[in-house]
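Asks: Below is a structure I'd like to ask you about.
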Amino acid sequence: MSLLVGASTSAHATVYAQIEGTGSTWSELILQQWIADVDANGMKVVYTGGGSTKGRKDFSQASTDFAISEIPYQGTDERGQADTSNGRPYAYLPIVAGGTAFTYQLKIGNDLVRNLRLSGETLAKIFTNQITNWNDPAITKDNNGRKFPSLPIIPVVRSDGSGTTAQFTTWMDNQYPNIWRPYFGQSGLTSYYPKKGDRMVSQAGSDQVMNTIKGFAGNGMIGYVEYSYPINADYPVVKVENKAGYFVEPTQYNTAVALTKAKINQDKSSNLYLTQILDGVYANADPRSYPISSYSYMIIPTGADDPRMSTAKRQTLADFMYYSLCAGQTKAGPYGYSPLPLNLVQAGFEQLAKLKTADAKVDLTDRDVRSCNNPTFDGKNLNRNVLADKAPQPAACDKTGAGPCGTATGTNKPSTDADGAEGTDGSGEGDKGTGGGGPGNGPDGAPGGDTPPSVDPDTGAVTGGGTTTTTDGTAIYASPTELASARTSDDKTFGWLAVLELLGLVLLPGLYVVTMRRRRPQTGARS
């Protein structure tokens, strides 16, 4: 009987085959989690990063079954090379939302600054070599008079063709063309960051950018990655000033709010169907909006005679993405991403239906979007984003000219004056003083306390209010006289000391022996 039941079950079991993809590292962390989740169900998915440009190119050469990219095929890229699917039929499928974050290592003494604020203009100037030191007046102004140590800024950029770079440079080209275009030498985006001068460091992949910044020699570095990377590394991110004049980080809430202004191509006959136009996101005047928010896309093969796609592969891709677009979206927020709104999930299901052909009998039954437990969903209104609606307002100390807050960034919790740090419903775990940073919540002299920050008119020293925080949340105060931890003079001074110590260790024992021999009394008769 057991054998018969087993045979019957296997006869009706879904047949899967391994599928392979390459592309974005921006969305790789959540993708790898989804891959691990479906493995137990017999779905084998292999994904290798390498950057969005590599993903699109590999797909066009039919060397992969799918690709992940933050931008669509450009036709011709910034280097004048073809950027097309090379005739391979395809469709775009939004998979997750997120914010491009700026993670950094900046220390005062031995303590890591965890609540840095920068305006968009300051960021653009940092990544175009116009602002080169952490004590620059523009950075001091962004932090409401808090002055940082004299330390060279070392931007870390991507060396590979990157969707993250494309999104970052699209934002600079749109918002700060007078800064970006003279540096780039032309208008528009680029997937290959133009590294100029000896100050910048370039690394391949988001993981290497993150590892370089948090490394032993990373003090002074700043780079751009998806928010999930500093979250995973327990590292701080910049609070970026938005159009409403608030400094915010790319939590799932702030990203969800920002993307309510994204314009999505709705022309189903267009090759750009479902792709994004982010001008409205950059200009979103909601105080909760994170300005550099965007979607990431899977490129799926839709040709009936696609040379790589067997029926088993099509079924694997369909079921893998059904999980990712449905149950998998519940993991987006905790990983540092933001889940898709219901209308894009529904559109994604429709795109997956293109995997089914007359010859490939792909099972697409039981694909009801209403069964997905997604925190953005309102089953009665496809265009409503519940997550964005309940996103908390930023803390008062996050406003331009106030604070800065003592809240540590990179914690995946919004900075808010509300009691609940996870939403206005009060269900979160906001901390008074160190977590919320709201007025009246903190001790005197700290953000959220009764003493506002002030600057000595003679020395420029911050004497109250403006703090950084250590990893345990303890407030520390910036000092404009704090010297860089890697000063050239220090290197030379301590280098000579090390040499002298080494010489002492080598020579002193010998000198001691010679001295003792000379002092030893002589024995025997004299003649």
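Asks: So Asp39 fits all but one of (1) out of contact with any Asp or Glu (no Cβ under 7 Å at 6 or more places or on another chain); (2) closer than 28 Å to Tyr224 by Cβ; what number is the exception?
Replies: Condition (2) is where Asp39 drops out.
Asks: Let me ask you something else. How about segment 325-362: which of its residues are of a type in the set (S, T, N, Q) and closer than 18 Å to Asp378 by Cα?
Replies: Passing the criteria: Gln329, Thr330, Ser338, Asn343, Gln346.
Asks: Is at least one residue of segment 360-369 within 29 Å of Trp171 (Cα to Cα), β-branched (Val, Ile, Thr) and not in a loop (DSSP other than H, G, I, E, B)?
Replies: No, the conditions are met nowhere in segment 360-369.
Asks: Suppose we keep only residues that are hydrophobic (A, V, I, L, M, F, W, C) and buried (at least 19 other Cβ atoms within 10 Å of the Cβ) within segment 313-337. Which one would you say is nearest to the chain's Cα centre (by Cα)?
Replies: Ala332
Asks: If you take the residues of segment 270-296 that are in a strand (DSSP E or B) and touching a Gly at 6+ places or on another chain (Cβ under 9 Å), which of them is nearest to Val362 (Cα to Cα)?
Replies: Here the answer is Ser296.
Asks: Here are some conditions: (1) touching a residue at least 40 places away in the same chain (Cβ under 8 Å); (2) farther than 23 Å from Pro236 by Cβ; (3) among the small types (Gly, Ala, Ser). Ser187 meets all but one. Which one does it not meet?
Replies: It fails just one condition, (1).
Asks: Quick one: is Leu340 surrounded by 23 or more Cβ atoms within 10 Å (Cβ to Cβ), part of a loop (DSSP other than H, G, I, E, B) and not basic (Lys, Arg)? Reasoning before the result, please.
Replies: Details: surrounded by 23 or more Cβ atoms within 10 Å (Cβ to Cβ): yes; part of a loop (DSSP other than H, G, I, E, B): yes; not basic (Lys, Arg): yes.
Yes.
Asks: In segment 146-160, which residues are closer than 14 Å to Asp136 by Cα and either hydrophobic (A, V, I, L, M, F, W, C) or out of contact with any strand residue (DSSP E or B) (no Cβ under 8 Å at 6 or more places or on another chain) (or both)? Reasoning before the result, please.
Replies: Applying the first criterion (closer than 14 Å to Asp136 by Cα) to segment 146-160 yields 146-154.
Once the filter is applied, which keeps residues that are closer than 14 Å to Asp136 by Cα and either hydrophobic (A, V, I, L, M, F, W, C) or out of contact with any strand residue (DSSP E or B) (no Cβ under 8 Å at 6 or more places or on another chain) (or both), segment 146-160 yields Phe148, Leu151, Ile153, Ile154.
Asks: Of all residues being of a type in the set (Lys, Arg) and not in a loop (DSSP other than H, G, I, E, B) in segment 112-147, which is surrounded by the most Cβ atoms within 10 Å (Cβ to Cβ)? Just the residue, please. Steps first, please.
Replies: Pass one, segment 112-147, residues of a type in the set (Lys, Arg): 114, 117, 125, 141, 146-147.
Next, from what is left, pick out any that are not in a loop (DSSP other than H, G, I, E, B): 117, 125, 141.
Working: Arg117: 25, Lys125: 22, Lys141: 16.
Top of the filtered list is Arg117.
Asks: Filter the strands (runs of 3 or more DSSP E) completely within segment 17-85 down to those with at least 2 residues that are more than 22 Å from Asp319 (Cβ to Cβ).
Replies: Per the criteria, 45-50.
Asks: Let me ask another. Tally time: how many residues in segment 150-165 are over 16 Å from Glu78 (Cα atoms) and touching a Gly at 6+ places or on another chain (Cβ under 9 Å)?
Replies: The number of residues fulfilling the criteria is 7.
Asks: Checking Val281 against (1) surrounded by 18 or more Cβ atoms within 10 Å (Cβ to Cβ); (2) among the aliphatic types (A, V, I, L, M); (3) more than 21 Å from the chain's Cα centre (by Cα), which test does it fail?
Replies: All conditions pass for Val281, except number (3).
Every number in this text was worked out from the coordinates using simple rules, so none of it is lab data. Keep in mind the model is a prediction, meaning the values are calculated, not measured. When we count neighbours, we look across all protein chains shown, and the Cβ atoms used for this are built from the backbone with ideal geometry, even at glycine.
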